[in-house]
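Report on the following structure.
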Amino acid sequence: MVKPGFYSLLALLACLLTAVAGVAQVSLSVRSNFSSDGVAGAAASADFAGGAPEARSDPHTPIEVEDNFLQVSGAQAHFEASNKMSESANAVLARNRIVSVPHFTSSFAFQEKTFPFTVVGQAPQKGQTTRIGTQIIPLSFYFEGYTDEQGNPIVLDMAPRIPAVLNSPNFHPAAYPTVGYTQFADAVQRAQFFSVMALEWHTLLDPPRVMRPVNIDVPRGSATLYRMRSSGAIFAVVDEGFFISQLNTIIQFEDLDVTGLPIALTANIFLAPKADIRKCCVLGFHTSFDAGESENQQLVQTFVWASWIDAGIFGGTISDVTAISHEISEWVNDPFSSNIVPEWQFPNRGAGCQNNLETGDPMSAFPHAGFPVNIDGFTYHPQNEALLQWFQRKSPSDAVDHAYSFPDETLLTSPAQSCAAR
């Protein structure tokens with residue numbers, strides 16, 4: 001493991017989302033018992049700030065809602081990506097001289113302009129298998145002022161769902177048409193580079209090292225809790241500024257592997273400015289930032305956060321590992337959030353344009369964005385991905401089966417459309 005000399009205070013992450021002006025005013029209440037070996041252990045115990053939450057005299061239960069509540073409220077699944085590297089680190093990246101996750105570079109041309117891009121792993125023509133270490137940081141949220149019907153505190157804890165994540169298509173192989181029996185993100189890459197890859201080319205995640213769980217005390221006013229009337233599932237809309245402030249602290253104390261992929265995971269935690277349901281819901285993000293120097297080499301840390309989603313909360317097929325797979329596949333295809341492509345329009349949304357190689361974003365507005373994958377009797381829903389050829393405007397596509405999306409090749413049947421003149 002390559003360890004950075006230091007981690008920045010991650011003001012960089014505070015800029016990740018759009019409305020975090022109040023971060024500096026939020027008191028931190030992260031509680032954890034970080035260990036040097038990172039082995040999963042008991043619940044967190046050491047207080048960094050604030051101590052245990054004080055009792056509330058007027059506790060209340062989550063708001064009961066119907067199955068279509070989020071849709072009626074105007075909530076949509078959103079995902080974010082951000083390059084928070086310094087100017088000097090980006091310059092070193094452009095010369096391919098950083099120390100970070102294994103990666104290769106390539107480019108494509110469109111309308112007489114060249115678009116370089118960086119992808120995790122080795123070039124597909126080499127036929128090598130790249131294995132990348134993974135760390136999982138389970139986060140648990142205690143909500144001040146909320147109790148269940150029996151008066152017990154409500155905790156949304158990721159730890160009990162970790163076994164399901166470890167057995168999910170993100171880390172466990174499954175069968176995919178033509179591209180073989182492999183992990184989900186690798187299947188997408190093999191479909192994407194099908195015409196140029198050597199047969200034994202793979203980009204795989206090693207079994208994750210599960211870090212000690214981190215407990216977060218959420219003060220009054222920083223979240224609103226809801227309960228699905230049909231299933232009893234509880235979810236929280238959390239102020240994104242508060243969440244980022246907690247994540248800043250966590251990253252400073254964790255022993256992250258700069259050559260691997262650290263993933264912070266939550267359960268049914270959705271972000272919105274000031275916990276406003278009308279501006280919900282960010283389900284995940286990936287980012288990159290300076291991580292110091294080692295032997296005069298620039299270290300760059302990549303990082304993912306995503307939320308597990310219990311069935312029925314979002315409707316359709318957005319469930320379980322949808323957000324996790326979204327962020328992992330985007331991280332593989334744009335690890336440093338630096339890949340600029342011709343501006344494209346969302347294919348299934350009335351408005352909105354982007355110009356980055358975020359392979360999950362074009363698919364996130366589809367009602368059946370998740371693709372069913374059965375492993376050991378459990379049906380997971382990793383998200384379908386747009387392939388590189390869609391962003392390249394390549395026609396016909398040279399991906400597997402001339403596809404523009406994968407695994408469901410019917411979702412995108414033609415290249416991206418340019419944005420209307422603005």
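Quick look at the numbers
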| quantity | calculated |
| --- | --- |
| Subset of region 279-288 (residues that are of a type outside the set (Val, Ile, Thr) and either out of contact with any strand residue (DSSP E or B) (no Cβ under 8 Å at 6 or more places or on another chain) or part of a strand (DSSP E or B) (or both)) | 283, 284, 285, 286, 288 |
| Complete set of residues in region 368-390 that are more than 19 Å from the chain's Cα centre (by Cα), surrounded by fewer than 18 Cβ atoms within 10 Å (Cβ to Cβ) and either among the hydroxyl-bearing types (Ser, Thr, Tyr) or farther than 21 Å from residue 167 by Cβ (or both) | 379 |
| Matching residues, region 251-278, being surrounded by fewer than 21 Cβ atoms within 10 Å (Cβ to Cβ) and either aromatic (Phe, Trp, Tyr) or not in a loop (DSSP other than H, G, I, E, B) (or both) | 252, 253, 273, 274, 277, 278 |
| So residue 248, is it modelled with pLDDT under 95 and touching a helix residue (DSSP H, G or I) at 6+ places or on another chain (Cβ under 7 Å) | yes |
| Residues of region 376-397 satisfying the condition of being under 14 Å from residue 178 (Cβ atoms) and either in contact with a Gly (Cβ under 9 Å, 6 or more places away or on another chain) or not aliphatic (A, V, I, L, M) (or both) | 397 |
| Residues located in region 320-329, provided they are touching a strand residue (DSSP E or B) at 6+ places or on another chain (Cβ under 6 Å) and either surrounded by fewer than 19 Cβ atoms within 10 Å (Cβ to Cβ) or within 21 Å of residue 412 (Cα to Cα) (or both) | 322, 323, 325, 326, 327, 329 |
| Of the criteria (1) in a strand (DSSP E or B); (2) modelled with pLDDT of 95 or more, which one residue 101 fails | (1) |
| Subset of region 391-403 [over 22 Å from residue 169 (Cα atoms) and surrounded by 14 or more Cβ atoms within 10 Å (Cβ to Cβ)] | 391, 392, 393, 394, 397, 398, 402 |
| Test for residue 292: is it in contact with a strand residue (DSSP E or B) (Cβ under 9 Å, 6 or more places away or on another chain), surrounded by fewer than 24 Cβ atoms within 10 Å (Cβ to Cβ) and modelled with pLDDT of 95 or more | no |
| Filtered residues of region 375-402 (kept if over 20 Å from residue 117 (Cα atoms) and part of a loop (DSSP other than H, G, I, E, B)) | 376, 377, 381, 382, 384, 396 |
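The values are calculated or read from the model by the stated rules, or taken from the named source; none is laboratory data. It should be emphasised that the depicted structure is a prediction, and the values quoted were computed from it without experimental measurement. Every residue, glycine as well, gets a Cβ built from its backbone with ideal geometry; the counts of neighbours run over all protein chains shown.
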